[in-house]
Amino acid sequence: MAHGFMIGPGGEFGIDADHWTPLHASAEGWVEALALASHAGYWAKTITKIKGSAVEDLNLDGFEPIPEVQGLADTWWRGKDSLIAIYRGEASGFSPPPAA
């Protein structure tokens with residue numbers, strides 16, 4: 001595996017790749033995200049994956065963030081009959097860190 005999972009100094013759950021990237025505000029948030037992924041994979045009639053700049057073009061009007069996920073780099077959104085997962089953590093973990 002190209003990265004390791006870690007708990008940060010404030011309890012954040014994240015990955016240590018090229019640099020530390022917190023994914024969720026806590027390990028519990030990560031567990032919630034795993035549960036949602038399992039639920040969606042089991043019940044979904046359709047799963048669509050998009051990558052790159054197409055993620056930035058997503059229209060999340062009518063969706064609300066799922067607070068239990070405690071998303072930082074990785075987030076989940078709930079709509080009327082759909083779930084959207086946005087995973088940015090690995091992409092940002094393997095790119096140069098943002099300028100401070």
Worksheet item: What's the carbon and sulfur percent of the chain's accessible surface, probe 1.4 angstrom, rounded to a whole number?
Response: 58 percent
Worksheet, complete the sentence: Length-normalised contact order of the chain, Cα under 8 Å, at least 6 apart, in percent, tallies to 28 percent
Worksheet item: Hey, with R₀ at 25 Å, roughly what FRET efficiency would H3 and K51 work out to, going by the Cβ-Cβ distance, to 0.05?
Response: 0.85
Worksheet entry | Semi-axes of the equivalent ellipsoid for the chain, Cα gyration tensor, largest first, Å | 24, 16, 13
Discussion item. Counting heavy atoms of the protein chains only and a 1.4 Å probe, report the per residue accessible area for the chain as a whole number of Å².
Written reply: 69 Å²
Worksheet entry | Within-15-Å neighbourhood charge of A33 [Cβ basis; K, R +1; D, E -1] | -4
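The values are calculated or read from the model by the stated rules, or taken from the named source; none is laboratory data. Worth saying up front: this structure is predicted, and the values here are computed from it rather than measured. Neighbour counts run over all protein chains shown; Cβ positions are idealised from the backbone, glycine included. Quick note on the areas: whole protein, heavy atoms, side chains included, nothing else; ligands and nucleic acids left out. Shrake-Rupley method; radii C 1.70, N 1.55, O 1.52, S 1.80 Å.
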